[in-house]
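Inspection log for the structure reproduced underneath, given as structure tokens.
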Amino acid sequence: MHEWLSAPVVLVICGVVGALVASAAIGKAPAALSRTNVDGELVPAVIGFGILAGGALAVGLFQIWEALFWRLNDCPAGRDCPFVVYIPPWDLAWIALIPLVGMFLAGFWDDMKGDERPRGFAGHIGALRGGAITGGLVKLLAGVIVGLVTVVGLYGWALPGWSEAFPALLIAASIALGANLLNLLDRAPGRALKVFLAVTFITLAVYPEWRFIVAGVLGAALAVFPYDLATRGMLGDAGANSLGAVAGLGLALRARGIEGGAGTVWLCVIALILLGLNLLSEKVSFSAVIERTPWLARLDQLGRK
């Protein structure tokens with residue numbers, strides 16, 4: 001009972017804190033962190049601070065919960081509990097902090113640089129050839145580094161063996177690609193958060209243990225959602241990249257938890273889908289596709305003022 005209560009309690013507390021932090025950030029946002037949205041309004045791109053606060057707070061809350069209650073789900077004696085297939089309650093509650101904080105910092109640096117003309121992989125590589133290092137390129141490199149560090153953390157701060165090297169690289173790739181993809185979708189109020197919430201709830205449906213890792217982030221995301229829909233604030237690159245990285249981690253962990261070779265196959269599928277969508281964005285405007293597709297347009301408008 002204690003195990004199932006912990007995640008909802010953490011979600012609610014982190015949601016309250018996330019909302020308070022986001023509200024304070026909106027009130028004190030500098031001009032450098034304001035962006036013009038699709039309606040031509042100048043909006044503070046700072047509600048990602050609320051999500052960061054919720055995700056960070058969750059780690060401490062789960063540690064307190066673990067100290068108060070005994071573990072109900074320890075690995076039984078004599079049972080083989082392989083990596084990711086089995087996660088005791090609270091043990092990996094901290095792991096979402098690596099992609100959350102890492103991609104938040106990279107995105108925040110890009111937010112502070114302001115709007116840049118180079119767009120997409122080709123644009124950033126082209127700028128690099130001209131001697132310019134864009135914020136987008138820094139985020140791409142950060143995604144790779146953050147993904148690799150997260151994997152090392154999952155393996156107990158040790159490099160994976162040869163048998164696990166390929167799945168580990170796929171997990172890292174899913175984190176980096178998820179971060180970039182959600183940032184590409186952050187073009188209209190609530191859009192990126194709707195995608196994050198949909199992916200997270202689907203992941204939770206098939207991978208209940210994910211609640212111990214994502215509870216704080218999810219609670220904060222739900223709390224700042226009204227600010228985004230009402231255009232009182234925006235995620236910005238900091239918020240969108242960090243949420244995308246966490247979503248990519250959840251999908252990868254679920255795939256890796258499938259026993260046998262099927263886990264690696266599903267990891268390949270997830271990484272390829274994320275890569276394909278990222279590459280597709282170089283040629284196709286997701287906003288235009290959404291506007292031309294009635295049911296997607298209705299979902300995109302749902303809840304917006």
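Label-to-label distance, ASP39 versus GLU282, with points set 7 angstrom from Cα along the beta-carbon direction: 3.5 nm. Note on GLU291 and CYS268: with the Förster distance fixed at 30 Å, the Cβ-Cβ geometry gives a FRET efficiency of about 0.40. A straight Cα-to-Cα reach below 20 Å connects LYS28 with the lysines LYS113, residues fewer than 8 places away in its own chain not being considered. Each part reduced to its alpha carbon centroid, region 5-19 and region 266-296 end up 32 Å apart. Label sites at LEU5 and ILE145, each approximated as a point 7 angstrom past Cα along Cα to Cβ, lie 4.3 nm apart.
Label sites at VAL206 and LEU169, each approximated as a point 7 angstrom past Cα along Cα to Cβ, lie 2.4 nm apart.
Per-peptide packing, taken as the mean over residues of other Cβ atoms within 10 Å, places 45-56, 183-194, 228-239, 19-30 in the sequence 45-56, 228-239, 183-194, 19-30 from highest down. Under a 5 Å amide H cut-off, with hydrogens placed 1.01 Å from N, ARG35 pairs with VAL43, ALA45 among residues at least 5 apart or on other chains. With every protein chain in place and a 1.4 angstrom probe, the accessible-area ranking of LEU302, LEU182, LEU5, LEU251, largest first, reads LEU302, LEU5, LEU251, LEU182.
The values are calculated or read from the model by the stated rules, or taken from the named source; none is laboratory data. Quantities reported herein were computed from a predicted structural model and do not represent experimental measurements. FYI the Cβ positions are ideal-geometry reconstructions off the backbone, even for glycines, and counts take in every protein chain you see. Keep in mind that these areas ignore ligands, DNA and RNA; they rest on the heavy atoms of the full protein, side chains included. Shrake-Rupley method; radii C 1.70, N 1.55, O 1.52, S 1.80 Å.
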